Amino acid sequence: MSRAGSGRAVRAGVPVEGPTACGQKVSASPVSVHPMTTKANAKAKTSGVDGSRKVGGGGNRGRGVGAHPAPLLEPRALNRATLARQLLLRRSAGRGVTDAVRHLVGLQAQNVKPPYYALAARLEGFRPEELSTAMEDRAVVRIVTLRSTIHTHTADDALTLRPLVQGARDRELNNFRKGLAGVDLDRLAVIARELVEAEPRTMKQLREELLVHWPDADPFALSVAARCRLPLVQVTPRGLWGRSGQVALTTAEHWLGRPTEPSPGPDAAVLRYLAAFGPASVKDMQTWAGLTRLREAFERLRPRLLTFRDENGVELFDLPDAPRPDADTPAPPRFLPEFDNLLLSHADRSRVVPDGLKGRTWAGNQAYCTLLVDGFLAGLWRQEGDVLTIEPFGRLTKVQREEVVAEAEGLLRTLAGASASYDIRFGTVAA
């Protein structure tokens, strides 16, 4: 039995059996996850941030205009670079919640808890109430942006990114044209804005009030139209830790007291994306944002960027001063929530997901919480009441198992409080 903190007992290595959150069978025998075997590419190293070294000095700073062919970054080198940007190689100390959300360009937030788990994996000393307070102070908000999904963004980013991705929302709305026959979408946007700014509405309430004006329209399509045409935020208490409420909506402008940025260009977003997720290809960013035709923006920025290539020859762009640690830099275990942007923000996910594990984090539209070992996807995990169950995809070494348990204990100390007692259990995910 190990101690997870004051007043908390954590028991590791307990076998479990039965259905899992993954919809798969858990073996009755406890196991431990094998070391990742991706080859390292640790050439050309210089000092960088987070105690790392960068690929870029020592004669290899990527390709600039008129330079030699772009140097190769193998999956393990890309992995360490991305983990460094994502604050997952070493937790960031002294960085506030709002600054972290800004640096990460938002946190995936379909459900209430994932942003809290995401920050617990990335910030030293994180406390859940810090994010809740930022929401109550309207420094951060929950709003549909990237990939047409709910994200937690800073107020500034919400007002900029939401109009940037309007084209994607328009494409989404096109799927509902049949149910909106005869509906004046401009008038709908005006009416919906008046309704939600008078008082936050649930989607059901908004749908019912719009049906008064268009009784023959498809009710669901009406609510989708309002959501696509307006920058709607989920007002508190929705999203607060331990006291979240139902989804109620108003406009970002009304909630934040200032207008959205009109027609923002993509260039600033490209630089922000590379800082948080690079090195990356044009297609990678398009996957992250849910946008198309971003090549022109990358070409405009090319003189300011370095270029590399991955093992398939795909051109990767990066910021000159961004961290690119050695491929052999240690990467501690990390517990990530479902829909974490680390696993959703590249067209080619091999920098995090090893061959043979593609598709193991999804079942239909459901994503599972994931475990990283040595920087790569190595298993799933779930918490039910006072039990945290770890489901490796393979065998953990003794040292890895101890490190995973220690990381789990830290997660529970952060998110569960110091008084409760929790079990940490290991099982296997059926192939």
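Annotation: Arg171 fulfils all but one of (1) assigned to a helix (DSSP H, G or I); (2) closer than 13 Å to Val101 by Cβ; the unmet one is (2). For the range 391-403, indicate whether the set of residues that are of a type outside the set (Phe, Trp, Tyr), under 15 Å from Arg334 (Cβ atoms), out of contact with any Ser or Thr (no Cβ under 8 Å at 6 or more places or on another chain) and buried (at least 23 other Cβ atoms within 10 Å of the Cβ) is non-empty. No, the conditions are met nowhere in the range 391-403. Might you let me know whether the range 226-245 holds any residue that is among the charged types (D, E, K, R), surrounded by 14 or more Cβ atoms within 10 Å (Cβ to Cβ), at pLDDT 95 or above and in contact with a Pro (Cβ under 6 Å, 6 or more places away or on another chain)? No - not one qualifying residue is present in the range 226-245. The single condition from (1) in contact with a Ser or Thr (Cβ under 9 Å, 6 or more places away or on another chain); (2) closer than 29 Å to Arg171 by Cβ that Ala327 fails is (2).
For the range 397-404, state whether one or more residues are outside any loop (DSSP other than H, G, I, E, B), farther than 22 Å from Thr82 by Cβ, among the basic types (Lys, Arg) and modelled with pLDDT of 95 or more. The answer is yes, given that some residue of the range 397-404 is outside any loop (DSSP other than H, G, I, E, B), farther than 22 Å from Thr82 by Cβ, among the basic types (Lys, Arg) and modelled with pLDDT of 95 or more.
The rows are residues; the columns are (1) surrounded by fewer than 20 Cβ atoms within 10 Å (Cβ to Cβ); (2) not aliphatic (A, V, I, L, M); (3) not assigned by TED's automatic domain parsing to the domain that holds Pro231.
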| residue | (1), (2), (3) |
| --- | --- |
| Gly257 | yes, yes, no |
| Glu261 | yes, yes, no |
| Gly265 | yes, yes, no |
| Gly278 | no, yes, no |
| Leu305 | no, no, no |
| Pro325 | no, yes, no |
| Leu342 | no, no, yes |
| Ser345 | no, yes, yes |
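Within the set of pairs 6+ apart or on separate chains, which have a first residue in the range 292-312 that is modelled with pLDDT under 95, a second that is surrounded by fewer than 13 Cβ atoms within 10 Å (Cβ to Cβ) and not polar (S, T, N, Q), and C-beta atoms under 6 Å apart? Short answer, once both residue conditions are applied: none. Close Cβ contacts (under 7 Å, 6 or more residues apart or on different chains) running from residues in the range 242-258 that are over 14 Å from Ile143 (Cα atoms) to residues that are assigned to a loop (DSSP other than H, G, I, E, B) comprise Arg243/Pro237; Ser244/Val112; Ser244/Pro237; Ser244/Arg238; Gly245/Pro237; Gly245/Arg238; Gln246/Thr202; Gln246/Arg238. Residues that are closer than 19 Å to Glu194 by Cβ and among the acidic types (Asp, Glu) within the range 206-224 comprise Glu208, Glu209, listed in sequence order. Could you tell me whether Val190 is aliphatic (A, V, I, L, M), in the same structural domain as Val141 (by TED's automatic domain parsing), outside any loop (DSSP other than H, G, I, E, B) and loosely packed, with under 15 Cβ neighbours inside 10 Å? For Val190, the condition - aliphatic (A, V, I, L, M), in the same structural domain as Val141 (by TED's automatic domain parsing), outside any loop (DSSP other than H, G, I, E, B) and loosely packed, with under 15 Cβ neighbours inside 10 Å - is met. Does Asp348 fit the bill of being closer than 24 Å to His151 by Cβ and of a type in the set (Asp, Glu)? Answer is yes for this residue.
The values are calculated or read from the model by the stated rules, or taken from the named source; none is laboratory data. Predicted model only: the values in this text are computed from it and were never measured. All Cβ positions, even for glycine, are placed from backbone atoms using ideal geometry, and neighbour counts span all protein chains on display.
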